[in-house]
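Each remark here refers to the structure printed beneath this line.
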Amino acid sequence: MDQDYEEAKAFYAGKQEEDMAFLDGLLKDKSIDGQELNTKLQEFFKSQKAEGQKFAEDQQQKYNNRQSVPGRQ
């Protein structure tokens, strides 16, 4: 369980760094505004959500696999 926690902590810390880098980049690029800005934000956070869901599913699968090991109660 500790390993799962550390993996999750590292994953989400990395995602937060990606978020901040992306947002900092948008702040620096004054040419992006209006609908283009909305589109970029939607696409980026949609991909972040998908990656987060995939990570959570993988973690759940690892947990389920550990629970189904023969001889474990």
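Details
- Listed by first and then second residue, the pairs linking a residue in the range 29-46 that is surrounded by 10 or more Cβ atoms within 10 Å (Cβ to Cβ) to a residue that is part of a loop (DSSP other than H, G, I, E, B), with Cβ atoms under 8 Å apart and 6 or more places separating them unless they lie on different chains, are 40/32.
- Verdict on residue 7 being surrounded by 12 or more Cβ atoms within 10 Å (Cβ to Cβ) and under 18 Å from the mean Cα position of the chain (by Cα): yes
Readers should treat all values here as calculations from the given coordinates under stated rules, not as data from a laboratory. Since the model is a prediction, treat every value here as computed from it, not as a measurement. Backbone-built Cβ (ideal geometry, glycine too); neighbour counts: all protein chains shown.
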